[in-house]
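Participant: Quick one: this structure, given as structure tokens, is what I'll be asking you about.
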Amino acid sequence: MSYMANASNLLPAREQMAFTLGFHIILVPFGVAFTFLMLVANYRAIRRGDEDARRLAERWSKVAAVLFAVGAVSGTVLSFEMGLLWPRLMDRYGAASGIPFVVEGIFFFLEAIFIAIYIYGWKRMAPWPHFWSGVPVVLAGIGGTLSVVAANSWMNQPGGFTERNGKVVAVRPLRVFFNGAWGYESVHMLLAAYIVAGFLVAGVYATGMLRGRADRHHRLGFLIAFTVAAVVTPLQIVVGDAMARYVFHDEPAKFAAIEGVPETATHVPETVGGVFVDGRLRYGLRLPNGASLLAGFSPGTRIRGLDAVPADGCIPPNLVTVVHLSFDVMVLTAFALLALAAWFAFVWWRRRALPASRWFLRAAAVAGVVSVVSLEAGWVVTEVGRQPWIVVGHLLTRDAVTTSGTVWWFFAATLVIYTAVGGATFYVLRRMRGRWAATSDDTVTVPYGPADARPALDGAAP
Amino acid sequence: VSSVVGVILFAGVVLYGVFGGADFGAGFWDLTAGGAGAGRRPRALIQSAIGPVWEANHVWLIFCLVVLWTGFPSAFSALMTTLYIPLGLAALGIVLRSSGFAFRKELAGTEEQRVAGAAFASSSVVTPFFFGTIAGAIATGRVPGDAAAWVNPTSLLGGVLAVAARAYLAAVFLTAEARARRDPDLERWFVTRARAAAVVCGGLAVAGIFVLNSDAPRLFSHLTGRGAPFVALSAVAGVATVVAGDRLDPRTLRVLGVVAVGAVLIGWGVAQYPFLLGTHLSLSAAAAPSATLWSIVIVFAGAAVLCVPSLVALYVLQQREQLDAHA
């Protein structure tokens, strides 16, 4: 009876977690890194009396306000889901894996407080105090990312606790937080947030320039955002490369899935693309010795295959394809973004100007979406690559899922509401952009007033 | 140390109930403010009053969840598996409410604002109801239990009382906001509603005496025993609001509101102590290993040093109208 309930809830619970986390992760870069872009523009505005930069910073803060609100509540849903979907994960390991979440709470608190002060402080606060009220937002974004990823990386390399009879009886909090996978996973996610925010924002202004609005406002908005992304992208490639070797050493089962290696061997080729059928990665492009070279700088590097993983804890074959292809997508998109950044850097170095080609702007316009694809693909590698475990070596995902109710209903309701909220977010952002394009007046009327309402209430006049 | 963490957890519940509650209650008045013309000014006040603070107030909920699942994992799991229906609905309600609020601020057309505002206001009323039913189920020892644990007289009362108490809190807060903005019309508009809501809360509390007496005898005896001073304090503050609401300074009125709602929540906590769930799971039995509990205490101390002054700064800036919602 209980097992039946598990079996029927496992699929919707995983789908719902994937969907809501996949939704939330797109908003993360706006809370974490977009606020940094905003402060760069703000700093420039004050230092050089640059009115274009000031307008960018102010408009970006309003966009950040909308996206932060949606991000805050979609993050709240994730907190509920930890218990609603995975109660037995929290019951058994909450005492350990909860600690990074408690730390994250502080950062989220600081972020929520200071982002409000910053966003609402444009009119009345003096420029420098106002600028400094934004700095804790950026710092809290970094701290929050490092904390929440600690909770995730702990599931990949759990440690810092003693278990007796299926119960955690002792916890070493620092070992939990600074677990084996924490260092590279958290930096990888943090850099990803800066890349996505940079390319997405730059894409908006690239689109504007393609439509003929190549004024200084657009060029500056593009430059601030694109520069940040272009600087961070090569760093991310270096971090990602090092990280793959850490995974090779510390999480061999995940590495075997990423590379699609069925049997432990040396001289393992790097296969690009392909699907994992009948215990083999087929139809891909094989680079001889590639995987061994990347993992250990020598063709003789031995890579442990899926056969080295005990059968009851081994990733299902169909998921090997998912992990492998996601990894390829992440790497290929990252190198595409690197190429775009290099193009920009080369032309800027030679001519102190944007590349003149419209193809550069076209590529920049879609770079944001490409970076989101890269982010999502990387996240799939982490999460699906951990299967069938929810806590590697300790708890299987199917044993963690809720036995209460029918998750399909919850998932259906969530899909409907998230689709509405996601659609509305796009609509609201488009309306904001349209309003800004049409008028220099940034103020909005009071609720339920006609669009051209006179300012209501004393003191509310713009 | 499990009791210390229990107090920290409950402090989060009280702070969320009071400050988050006032934001939820504002949605009630937003919903009932009438058509586009009549409701324009109260809605404008609500928007500018809660715009800068609602996200910070919302974090108390996250705080409660993470402290509960880290400090008392088995209680968290029991709660989530038993009350998944109201909890799931509350989570989705929070999404609708907050995004609706954030969207309305940036939308200009009346029709668009109406849609976003309806999402904000209606889910602001529905969500606290679910929270109230959850509190009722916990207080009466129905967790862990079956999926219908939240359908009972105490939960129903808790749900309605949660909506009414939040509406009352919001009305006294908004009265003070109207005074700060020197708008006597709006001040009257809200103070009338504050008094009416206080009367409703009082009526529900009286009904609650009978409900709790039959449905949760242990809780009732402790509420009327060691919890009695808090219940009495709440009653006094509520009566004072009703009797002298129109003569008192709005800031005093606001203090009365915080006392009335905060005291009854604390009274609940005092009556329930030392149990986390009903009378079968005590704080110490549900507690995580001591290193985890100490981590929570240390992090909470850090939060007190960092977040409390920041939060005070936010409220002070808001009160001094340094934060212009129309900026």
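The values are calculated or read from the model by the stated rules, or taken from the named source; none is laboratory data. None of the values given here were measured: they were computed from a predicted structure. Cβ: placed from backbone, ideal geometry, glycine included. Neighbour counts: every protein chain shown. To get the accessible areas, we keep the full protein, side chains included, count just its heavy atoms, and leave off ligands, DNA and RNA. Shrake-Rupley method; radii C 1.70, N 1.55, O 1.52, S 1.80 Å.
Condition check ((1) at pLDDT below 95; (2) surrounded by fewer than 15 Cβ atoms within 10 Å (Cβ to Cβ); (3) not in a loop (DSSP other than H, G, I, E, B)) across all residues:
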{"residue": "A:T207", "(1), (2), (3)": "yes, no, yes"}
{"residue": "A:G212", "(1), (2), (3)": "yes, yes, no"}
{"residue": "A:Y246", "(1), (2), (3)": "yes, no, yes"}
{"residue": "A:H249", "(1), (2), (3)": "yes, yes, yes"}
{"residue": "A:A256", "(1), (2), (3)": "yes, no, yes"}
{"residue": "A:E263", "(1), (2), (3)": "yes, yes, no"}
{"residue": "A:F276", "(1), (2), (3)": "yes, no, yes"}
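Participant: Mind listing whichever residues of region A:85-98 are open to solvent by less than 10 Å² (accessible area, probe 1.4 Å), at the interface with chain B (Cβ under 7 Å from one of its Cβ atoms) and not small (G, A, S)?
Facilitator: A:P87, A:M90 - these are the residues of region A:85-98 that are open to solvent by less than 10 Å² (accessible area, probe 1.4 Å), at the interface with chain B (Cβ under 7 Å from one of its Cβ atoms) and not small (G, A, S).
Participant: Which of (1) hydrophobic (A, V, I, L, M, F, W, C); (2) facing chain B (nearest Cβ under 9 Å); (3) in contact (Cβ under 8 Å) with a residue 24 or more places away in the chain; (4) part of a helix (DSSP H, G or I) is the odd one out, the single condition A:W122 does not satisfy?
Facilitator: (4)
Participant: Next up: Among A:S74, A:S79, A:S61, which is out of contact with any strand residue (DSSP E or B) (no Cβ under 9 Å at 6 or more places or on another chain) and more than 8 Å from every other protein chain (Cβ to nearest Cβ)?
Facilitator: A:S61
Participant: Please specify each residue of region B:116-146 satisfying the condition of being over 25 Å from the mean Cα position of the chain (by Cα) and part of a helix (DSSP H, G or I).
Facilitator: Within region B:116-146, none qualify.
Participant: Then there is this: Does B:L96 satisfy being more than 20 Å from A:I99 (Cα to Cα), open to solvent by 10 Å² or more (accessible area, probe 1.4 Å), at pLDDT 90 or above and touching a Phe, Trp or Tyr at 6+ places or on another chain (Cβ under 6 Å)?
Facilitator: no
Participant: Going through A:W128, A:W154 one at a time, which residue ends up being in contact (Cβ under 8 Å) with a residue 24 or more places away in the chain and more than 25 Å from the chain's Cα centre (by Cα)?
Facilitator: Going through A:W128, A:W154 in turn, the sole match is A:W128.
Participant: Of the conditions (1) under 28 Å from A:T333 (Cβ atoms); (2) at pLDDT below 90; (3) part of a loop (DSSP other than H, G, I, E, B), A:R433 satisfies every one except a single condition; which number is it?
Facilitator: (3)
Participant: Sort out which residues of region B:160-180 are open to solvent by 40 Å² or more (accessible area, probe 1.4 Å) and more than 23 Å from B:T127 (Cβ to Cβ), and write them in order of number.
Facilitator: B:R179 - this is the single residue of region B:160-180 that is open to solvent by 40 Å² or more (accessible area, probe 1.4 Å) and more than 23 Å from B:T127 (Cβ to Cβ).
Per-residue answers, yes or no, for (1) open to solvent by 60 Å² or more (accessible area, probe 1.4 Å); (2) without any contact (Cβ under 8 Å) to a residue 24 or more places away in the chain; (3) out of contact with any Pro (no Cβ under 7 Å at 6 or more places or on another chain); (4) among the basic types (K, R):
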| site | (1), (2), (3), (4) |
| --- | --- |
| A:S292 | no, no, no, no |
| A:S326 | no, no, yes, no |
| A:R352 | yes, yes, yes, yes |
| A:V370 | no, no, yes, no |
| A:V381 | no, no, yes, no |
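Participant: For region A:202-240, which residues satisfy the criterion of being free of Cβ contacts under 8 Å to residues at least 24 places away in the same chain and over 26 Å from A:A57 (Cβ atoms)?
Facilitator: A:V238, the sole residue that qualifies.
Participant: Another one. For region B:14-88, please list each of the helices (runs of 4 or more DSSP H) lying entirely inside it that holds at least 1 residues being more than 8 Å from chain A (Cβ to nearest Cβ), farther than 16 Å from B:T175 by Cβ and open to solvent by less than 10 Å² (accessible area, probe 1.4 Å).
Facilitator: In region B:14-88, the matching helices (runs of 4 or more DSSP H) lie at B:21-31, B:54-71, B:73-82.
Participant: Only one of (1) more than 8 Å from chain A (Cβ to nearest Cβ); (2) touching a Pro at 6+ places or on another chain (Cβ under 7 Å) is not met by B:L323, so which one is it?
Facilitator: Every listed condition holds for B:L323 apart from (1).
Participant: Which ones in region B:147-159 are open to solvent by less than 30 Å² (accessible area, probe 1.4 Å) and in a loop (DSSP other than H, G, I, E, B)?
Facilitator: Listed by number, the residues that qualify are B:A149, B:N152.
Participant: Does region A:300-313 contain at least one residue that is among the charged types (D, E, K, R), more than 29 Å from A:L27 (Cα to Cα) and in a helix (DSSP H, G or I)?
Facilitator: Among the residues of region A:300-313, at least one is among the charged types (D, E, K, R), more than 29 Å from A:L27 (Cα to Cα) and in a helix (DSSP H, G or I), which makes the answer yes.
Participant: Can you tell me which of (1) more than 7 Å from chain A (Cβ to nearest Cβ); (2) over 17 Å from the mean Cα position of the chain (by Cα); (3) within 30 Å of B:A176 (Cα to Cα) is the one B:G93 doesn't meet?
Facilitator: (2)
Participant: Is it the case, given these coordinates, that A:V176 is open to solvent by less than 10 Å² (accessible area, probe 1.4 Å), at pLDDT below 95 and either at negative phi or not charged (D, E, K, R) (or both)?
Facilitator: Answer is yes for this residue.
Participant: For B:T192, are the conditions met, namely being out of contact with any Ser or Thr (no Cβ under 8 Å at 6 or more places or on another chain), farther than 20 Å from B:V160 by Cβ and among the hydroxyl-bearing types (S, T, Y)? Full working, then the answer.
Facilitator: Working: out of contact with any Ser or Thr (no Cβ under 8 Å at 6 or more places or on another chain): yes; farther than 20 Å from B:V160 by Cβ: yes; among the hydroxyl-bearing types (S, T, Y): yes.
Considered against the rule, which asks whether it is out of contact with any Ser or Thr (no Cβ under 8 Å at 6 or more places or on another chain), farther than 20 Å from B:V160 by Cβ and among the hydroxyl-bearing types (S, T, Y), B:T192 comes out as yes.
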